[in-house]
Structure formats: structure tokens, C-alpha cells
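First comes the structure, then the notes that go with it.
All of the numbers you see were taken from the coordinates with simple rules; none came from a lab. Every value quoted in this text rests on a predicted model; they were computed, and no experiment measured them. Note: ideal-geometry Cβ built from the backbone for every residue, glycine included; neighbour counts use all protein chains shown.
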Amino acid sequence: MKKWFVYFTICIYLTSFSEVRQLVKMPNLIEHFISHKISDSGMSIFAFFKMHYIDEQVKDSDYKQDMKLPFKTHDFSNSIVNLNIPPERTTFNILNQSIYVDYSSNFSYSEKFYPSVFSKIWEPPKI
């Protein structure tokens, strides 16, 4: 049972996340080559690949069949899986530092209160 589960998981992964699903279009390639070979018996497999994959695409009568060939168009369908696991609990460590504030009402004016540099800029009124 495990073996089949592993095969199934690998197949799902390869067909959804890579260009391996283009290999499913291989019968279209063979059928299209046979139809070209019937219309032009001298066409080689190299000329077929050169006409469909190397040369510039021409919109002719079989353009829709040309676009069904493998690796002609790319599917940009990606599956994105995000696993967001929230943290169990968020904690904040904030330190409570108290600031010393002096609430004393003793205030007196003195000349030494202002440094000498500030006294040159602004001089308080004299009484």
C-alpha cells in the first residue's frame, strides 16, 4: 500500500509542479508528424522539428494543431502552499524604570544657576 501511495504522490508532484505533463501530448506529436509525412513524403523528422520548434511560427491552416504539440505552450499554473504556524504565546519584557522627579518647592535664584556661556548670550534683567 505504501508503495502505491509513493507512486501516486510522485505522479501528482511531477504533473503539477513541472513540465512533465507536456509528455502527455506526445501522441499529438506523433499524429501530427504522420499527417505531415502523408502530405509530404520527403519530410524527415528533423525537418518536422525544425519547422515546428526552431523556425518562426506561421499562422497557417494547421496552426491550432501546431499549438497542441508538446512544449509549444507553457502552463503557468503553480500551486503554492504556505504553512503559517503562529507562535504559541508572545511575551513582551518591558522593564519598569522609574524616573526620579524632585517635587520640592524650594527654588531660589542664583547667579551660578546659568553657566558663563549662557550669560553672554542672554542676561537676565537686574533688579
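A few comments on the model shown:
- Calculated FRET efficiency, THR9 to PHE92, Cβ-Cβ distance, R0 = 35 Å: about 0.25 to the nearest 0.05.
- Karplus 3J(HN,Hα) series, Hz, for the stretch 46-60 with 6.51 cos²θ - 1.76 cosθ + 1.60 (x for Gly, Pro): 5, 5, 5, 5, 5, 5, 9, 10, 9, 5, 5, 6, 10, 7, 10
- Whichever lysines have a C-alpha closer than 23 Å to that of LYS37, once near sequence neighbours (fewer than 8 apart) are set aside: LYS25, LYS50, LYS59, LYS64, LYS68, LYS72
- With θ taken as phi - 60° and the Karplus curve 6.51 cos²θ - 1.76 cosθ + 1.60 applied, the whole-hertz 3J(HN,Hα) list for the stretch 3-8 is 4, 5, 5, 5, 4, 4 Hz, x standing for glycine and proline.
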